[in-house]
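This report refers to the structure that appears directly beneath it.
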Amino acid sequence: MKALTLNGYDGFSSLRFAEAATPEPGPNDVLVKVTAASVNPVDAKITRGYGGPSQRTLPHVLGRDCAGTVAKLGSAVTGFKIGDAVFGVADPSRWGTHAEYVAVPAATLSRKPAGLSDIDAGSLPIAGLSALAGIVTTGKLAKGQRVLIHAGAGGVGSFAVQLAKHLGATVAATAGSKNAGFVRSLGADQVIDYTKGDFSAAIKDVDLVFDLIGGDVRFKSFPVLKPGGVLVHISVPPMTQAPPRSDVEVKPAPVKYDTALLDRITALVQMKAVQPVVTEVFPFSDALKAFEHVATGHARGKVMLDMTQ
Ligand SMILES: NC(=O)c1ccc[n+]([C@@H]2O[C@H](COP(=O)([O-])OP(=O)(O)OC[C@H]3O[C@@H](n4cnc5c(N)ncnc54)[C@H](OP(=O)(O)O)[C@@H]3O)[C@@H](O)[C@H]2O)c1
């Protein structure tokens, strides 16, 4: 099969197309013929050694999200059959979705939402599950509350803004000037242009901050919280300073990947609470351009690879 392989940690020059053996699914895996895959920020970061080289042996294939069709079933897999249209998340310790085929644990795979293109379906897993983790599971956002979402225009943020609005919250998000209208179109009540001054001067009395940026942005988010408010983050880098308040909670949001949560995303899409936000689709043969675009830190919505091209 054709695969985009990572051969070192010198950035994108370490990525090379190669012919590789098609993975053999283990007993609990499903072999998926990949038709759509995303490029996430973490894929770009790993090319520079993020997470440490001990996490994988080289060559490695990056990519977590996919949509495609079931090509082969592991001996213990029930609930899928060959030819099913599926979407899901690959195991990061094994070869990923930037290849013609990927062996995905059946436990992190589900049926593709009806009516969605493969590109749209493949855009949903990591962004959607991260937004669910931050806004619902850890953030416990409730109707009538006020939430501030940092990076509302990005892959996770564009899902989180829609989800928070669907839950009945008043939604504020940070974005650059060119993305203000876009983030408002996703349902944000207030968009704060972080390029035009300190966002924390533009908002207060927030119940929940969902931080997708980290570092100084996280530190500057404390003043906007109500007493008893919660700051949830999935982002790096960490803050270098100690938390400046003790009357608010700070929580990382562990992101869980499983079929039931993927089905929850499908339900949200089918009730039109959330729509996939794909803004760039690159042919697989141009995957490096997708990596470069994501690495700018200014991609809007999801950046996808059409694995059929
Ligand atoms: N722990 C996990 O499991 C997990 C899962 C998913 C994501 N993450 C991490 O979460 C972060 C966000 O992921 P993502 O996929 O949403 O990233 P992304 O799509 O690459 O985010 C890009 C967006 O960030 C916005 N942005 C950049 N700097 C900003 C700033 N200072 N303030 C506000 N917005 C800013 C950009 O908007 P403008 O162009 O308008 O500036 C752009 O739209 C990444 O670091 C990712 O690695 C972690």
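Model label sites at residue 256 and residue 18, defined 7 Å from Cα along the beta-carbon direction, differ in position by 3.6 nm. Projected over all directions and averaged, the alpha-carbon convex hull of the stretch 31-170 occupies 9.8 nm². Placing +1 on the Cβ of every Lys and Arg and -1 on the Cβ of every Asp and Glu, with no other charges, gives the chain a dipole of roughly 500 debye about its Cα centre.
Computed packing ranks the peptides 137-144, 74-81, 240-247, 39-46 as 39-46, 137-144, 74-81, 240-247, most packed first, by mean other Cβ atoms within 10 Å.
How far is it, in nm, from the label point at residue 285 to the one at residue 94 when both lie 7 Å from their Cα along the line to the Cβ? Inter-label distance under the simple model: 3.0 nm.
For the stretch 127-252, how big is the tail of P(r) above 26 Å, as a whole percent of Cα pairs? Of all Cα-Cα distances in the stretch 127-252, 9 percent exceed 26 Å.
For the pair residue 270 and residue 296 in one chain, pulling the backbone fully straight at 0.36 nm per residue adds 6.2 nm over the alpha carbon distance. Annotation: the residues 111, 48, sorted from fewest to most other C-beta atoms within 10 Å of their own C-beta, follow the order 48, 111. Modelled spin-label separation between residue 249 and residue 42, with each label point placed 7 Å from Cα along the Cα-to-Cβ direction: 2.4 nm. Using equal-weight Cα scatterers in the Debye expression, the normalised intensity of the chain in log10 at q = 0.08, 0.10, 0.15 Å⁻¹ is -0.35, -0.54, -1.15. Helix-only arithmetic for the chain: the sum of -39500 (n - 2.57) across DSSP H runs with n ≥ 4, divided by the residue total, places the mean residue ellipticity at 222 nm at -5500 deg cm²/dmol.
Sort out for me the Cα centre separation of the stretch 158-204 from the stretch 21-65, rounded to whole Å. For the stretch 158-204 versus the stretch 21-65, the Cα centre distance is 32 Å.
Here the relative contact order of the stretch 127-252, from alpha carbon pairs under 8 Å that lie six or more residues apart, stands at 23 percent.
Every number in this text was worked out from the coordinates using simple rules, so none of it is lab data. Keep in mind that this is a model prediction, so the values were computed, not measured. Cβ atoms come from the backbone with ideal geometry, glycine included; neighbour counts cover every protein chain shown.
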